[in-house]
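Novice: What follows is a single structure, and I will ask about it in a moment.
The values are calculated or read from the model by the stated rules, or taken from the named source; none is laboratory data. Quantities reported herein were computed from a predicted structural model and do not represent experimental measurements. Heads up, the Cβs are rebuilt from the backbone with ideal geometry, glycines too, and the neighbour counts pull from every protein chain shown.
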């Protein structure tokens with residue numbers, strides 16, 4: 001009975017991973033710029049990587065099923081569907097294995113974790129899906145050129161890892177308090193709405209104004225860490241992508257290559273700013289809290305000495321403080 005229940009739970013999570021991948025793909029296809037299936041932001045890669053960290057390698061089957069379902073609807077033929085689905089499965093699995101080997105931590109404790117996600121999870125591993133997909137579409141006669149398709153596919157998969165995976169991993173570990181401070185909720189709403197409005201205005205006027213979203217990203221990173229910075233970056237990226245798809249003034253008059261260079265430079269900048277700045281700020285805040293806690297403990301020790309407690313008790317207290325707060329090489333910023 002216990003074994004049957006375990007298998008049923010595993011099957012349920014595989015179905016959840018497949019459905020999540022499929023839904024994320026349907027959202028991503030609404031932003032396709034090359035053909036009907038190459039988009040500058042491909043959320044399923046982030047969903048797949050997050051599922052692997054949350055569920056383990058058993059999520060591979062769900063990812064494969066989701067990729068087959070998506071590509072079956074848009075793929076040119078059965079061999080192409082199978083090959084692209086294989087590439088879409090292998091890429092996040094390789095990213096997961098690489099990140100596990102370097103002991104990547106999903107709570108993003110240090111800047112190293114953020115950099116590992118950028119270089120191993122996004123830039124390196126997604127070369128696999130982009131190369132397999134681009135070659136397949138070119139051979140099938142669907143894509144106009146290899147390099148144009150490959151660059152959009154690669155950056156789209158990478159952006160999915162950088163924007164979607166941290167959002168899911170942070171949400172999975174989040175602990176929402178029973179009572180939310182109204183000012184805190186208002187501040188979060190202002191950040192989200194402000195980022196959206198600034199991005200809308202910028203894309204309707206000039207691409208040069210897109211830099212105005214960065215103060216909102218920095219504000220969100222300082223106040224809410226990844227939980228605030230990544231959603232704001234995602235909002236800005238989605239607005240910019242739809243601006244390109246609708247040929248809004250910020251990107252009007254540019255050919256596809258120049259549009260993609262401008263768009264992906266912006267998307268990469270907002271993703272890296274949100275990820276790195278939020279991680280650095282969180283690390284600084286933790287270091288500051290550790291210093292404050294240590295100071296409080298030392299203050300209690302001073303009070304204890306002034307009250308004439310035995311020296312052995314003071315020594316025990318100091319040792320307890322040192323064990324709870326060992327020295328760190330990281331100094332607060």
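Here is a yes/no grid of residues against (1) in contact with a strand residue (DSSP E or B) (Cβ under 9 Å, 6 or more places away or on another chain); (2) over 30 Å from residue 127 (Cα atoms); (3) assigned by TED's automatic domain parsing to the domain that holds residue 266:
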{"site": "148", "(1), (2), (3)": "yes, no, no"}
{"site": "164", "(1), (2), (3)": "no, no, no"}
{"site": "182", "(1), (2), (3)": "no, yes, yes"}
{"site": "191", "(1), (2), (3)": "no, yes, yes"}
{"site": "197", "(1), (2), (3)": "no, yes, yes"}
{"site": "204", "(1), (2), (3)": "no, yes, yes"}
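Novice: Being closer than 23 Å to residue 114 by Cβ, within 18 Å of the chain's Cα centre (by Cα) and not assigned by TED's automatic domain parsing to the domain that holds residue 110: is that true of residue 287 here? Outline the logic, then answer.
Specialist: Numbers: closer than 23 Å to residue 114 by Cβ: yes; within 18 Å of the chain's Cα centre (by Cα): no; not assigned by TED's automatic domain parsing to the domain that holds residue 110: yes.
Here the answer is no, as residue 287 does not meet what is asked.
Novice: Only one of 158, 233 is assigned by TED's automatic domain parsing to the domain that holds residue 260 and closer than 14 Å to residue 269 by Cβ. Can you tell me which? Give the derivation first.
Specialist: Values: 158 fails: assigned by TED's automatic domain parsing to the domain that holds residue 260.
Selected residue: 233, the only one of 158, 233 that is assigned by TED's automatic domain parsing to the domain that holds residue 260 and closer than 14 Å to residue 269 by Cβ.
Rundown of residues vs (1) buried (at least 17 other Cβ atoms within 10 Å of the Cβ); (2) over 21 Å from the mean Cα position of the chain (by Cα); (3) within 18 Å of residue 49 (Cβ to Cβ), yes/no style:
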| site | (1), (2), (3) |
| --- | --- |
| 119 | no, no, yes |
| 128 | yes, no, yes |
| 136 | yes, yes, no |
| 141 | no, yes, no |
| 170 | yes, no, yes |
| 177 | no, yes, no |
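Novice: Do we have residue 70 as at pLDDT 95 or above and within 18 Å of residue 20 (Cα to Cα) here? Give the steps one after another, and end with the answer.
Specialist: Numbers: at pLDDT 95 or above: no; within 18 Å of residue 20 (Cα to Cα): yes.
No; evaluated as a whole, the condition is false for this residue.
Novice: So if I check each of 148, 141, which one is out of contact with any helix residue (DSSP H, G or I) (no Cβ under 9 Å at 6 or more places or on another chain) and farther than 20 Å from residue 227 by Cα? Steps first, please.
Specialist: Numbers: 148 fails: out of contact with any helix residue (DSSP H, G or I) (no Cβ under 9 Å at 6 or more places or on another chain).
When all the criteria are applied, what remains is 141.
Novice: Sticking with this structure for a sec: Where residues in segment 144-168 are surrounded by fewer than 23 Cβ atoms within 10 Å (Cβ to Cβ) and touching a residue at least 40 places away in the same chain (Cβ under 8 Å), which of them is farthest from the chain's Cα centre (by Cα)?
Specialist: 144
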